[in-house]
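The values are calculated or read from the model by the stated rules, or taken from the named source; none is laboratory data. If you're wondering where the values come from, they're calculated on a predicted model, not measured in any experiment. Cβ: placed from backbone, ideal geometry, glycine included. Neighbour counts: every protein chain shown.
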Amino acid sequence: MKNIIIKTLAAIAIAVLAVAITGCDSSGNDSDMTEVSILQIREHPALNAARDGFINGLADEGFIEGENISFTTLNPHGDISVANQMAQQIVDSEPDLILSIATPASQALRAATRELSSQPPVVITAVTDPYAAGLIYSFERPGTNFTGTSDLTPVENQFLLLQRLLPHAGTVGIMYNAGEINSVIQADMAANAARELGLNYIRATVTGTVDVAQVAEALVGDVDVVYTPTCNTMAEAMSLLVMIAAESAGIPVIAGERGGVALGALATEGIDYYQLGRQTATMAAEILRGEINPEDMPIQWQDMARTNTVINMTTAELLGIDIPDDILADADIIS
């Protein structure tokens, strides 16, 4: 029933956008108003923060919403088929620039723009590896209408944090959606990090939120801790995973980003998605001012020196885990 409601709402959103597009002056967009379309794969604190950072960052660059720039945001709520439809609707509306948030949304836009003779500029954010996702030809010179920022997280540092918080943990369950290339890349990095630290690991893959409960229940009996990368599926199912792992089985979860900790995971060492959105806005402003084309603008990453540790003290107390004072001293605390 939930999927039916989501698809119905998404279809209504597409229809409304189509009406708006049809009603536009055939001569094109208002020359005094820059039109930016945003395709965000789903609602999630990290992705929302990246979007907000982008809009606020553009304001700092002189593009003020309602004055000289307008934003149209579409969200397929994780439904890939709807994302493909929305991507096509956005392309047909001929905006001045497109912001794509997360890998699946970006792949949908790549498919919608690949064969166009005149391709709209697309800036991406919250995309782990735009090369592996098929969006660009190289990081230094994308060679397509896509550029932007990667949200590759410090997986090695996350495992170092895991080991410091849970020194007696011997086996880590790495849980992710094997259908998301961004998740697969991070899962491989997690497996390498586990091996380097002498930890055993078990890969536990899901195909969507529908089988998270079954996989999690089978996993928690065989591991000491569960690790999830910045996987869109696991982000949506984090509360369910925490309920099964931490609350029912006493198994802590280490998340790939802050939003997961806010939903009950024990901790993370993560990037700041709001700042990542602002960084993306700086790139977008250069494109909008005609200073550079996406194909010539290198992909950027957030400075890993700006990552921060986040601890959920409520979860730590629930699990009886003592957080070392030196970690607490520099951590953001969620309670």
Margin query: Given the condition in contact with a helix residue (DSSP H, G or I) (Cβ under 9 Å, 6 or more places away or on another chain), among the aromatic types (F, W, Y), buried (at least 16 other Cβ atoms within 10 Å of the Cβ) and part of a helix (DSSP H, G or I), answer yes or no: does some residue in the range 157-174 qualify?
Written below: yes
Next item on the list: Tell me, please, whether a residue that is under 20 Å from the mean Cα position of the chain (by Cα), surrounded by fewer than 18 Cβ atoms within 10 Å (Cβ to Cβ) and of a type outside the set (A, V, I, L, M, F, W, C) can be found in the range 57-70.
Entry: no
Next item on the list: Select, from N56, N84, N29, the only residue that is at pLDDT below 95 and either within 30 Å of L263 (Cα to Cα) or in a loop (DSSP other than H, G, I, E, B) (or both).
Entry: N29
Next item on the list: State whether the residues of the range 226-240 include one that is assigned to a loop (DSSP other than H, G, I, E, B), of a type in the set (G, A, S) and surrounded by fewer than 21 Cβ atoms within 10 Å (Cβ to Cβ).
Entry: no
Notebook entry, point to check: Got at least one residue in the range 175-182 being outside the structural domain of L135 (by TED's automatic domain parsing), part of a helix (DSSP H, G or I) and hydrophobic (A, V, I, L, M, F, W, C)?
Noted result: yes
Item checked: Close pairs (8 angstrom Cβ cut-off, 6 or more residues apart or separate chains): in the same structural domain as V242 (by TED's automatic domain parsing) and at pLDDT below 95 in the range 200-226, assigned to a helix (DSSP H, G or I) and of a type in the set (S, T, Y) anywhere -> G208/T233; T209/T233
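Look through P76, P45 and report the one residue that is in contact (Cβ under 8 Å) with a residue 40 or more places away in the chain, more than 23 Å from N293 (Cα to Cα) and surrounded by fewer than 20 Cβ atoms within 10 Å (Cβ to Cβ). Steps first, please.
Values: P76 fails: surrounded by fewer than 20 Cβ atoms within 10 Å (Cβ to Cβ).
Criteria check complete, one pass: P45.
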Notebook entry, point to check: Taking only pairs six or more apart or across chains, which ones have beta-carbon atoms under 7 Å, a first residue in the range 119-140 that is farther than 19 Å from E180 by Cα and touching a residue at least 24 places away in the same chain (Cβ under 8 Å), and a second residue that is assigned to a loop (DSSP other than H, G, I, E, B) and among the hydroxyl-bearing types (S, T, Y)?
Noted result: F139/Y131
Next item on the list: Select from the range 320-335 the residues that are buried (at least 17 other Cβ atoms within 10 Å of the Cβ) and more than 16 Å from E257 (Cα to Cα) and list them in ascending order.
Entry: I323
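This table checks each residue for (1) farther than 30 Å from G62 by Cα; (2) assigned to a helix (DSSP H, G or I); (3) outside the structural domain of I101 (by TED's automatic domain parsing).
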| position | (1), (2), (3) |
| --- | --- |
| I244 | yes, yes, yes |
| G256 | yes, no, yes |
| G264 | yes, no, yes |
| G277 | no, yes, no |
| T280 | no, yes, no |
| M283 | no, yes, no |
| I292 | no, no, no |
| D322 | yes, no, yes |
| I327 | yes, yes, yes |
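Residue-wise test of (1) under 26 Å from T149 (Cβ atoms); (2) in contact with a helix residue (DSSP H, G or I) (Cβ under 8 Å, 6 or more places away or on another chain); (3) β-branched (V, I, T).
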{"residue": "A237", "(1), (2), (3)": "yes, yes, no"}
{"residue": "L241", "(1), (2), (3)": "no, yes, no"}
{"residue": "I244", "(1), (2), (3)": "no, yes, yes"}
{"residue": "I251", "(1), (2), (3)": "no, yes, yes"}
{"residue": "Q279", "(1), (2), (3)": "yes, yes, no"}
Notebook entry, point to check: Quick check: is even one residue across the range 112-128 at pLDDT 95 or above and among the charged types (D, E, K, R)?
Noted result: no
Next item on the list: Taking I98 as meeting all but one of (1) modelled with pLDDT of 95 or more; (2) out of contact with any Ser or Thr (no Cβ under 7 Å at 6 or more places or on another chain); (3) outside any helix (DSSP H, G or I); (4) crowded, with 21+ Cβ neighbours inside 10 Å, write down the number of the exception.
Entry: (2)
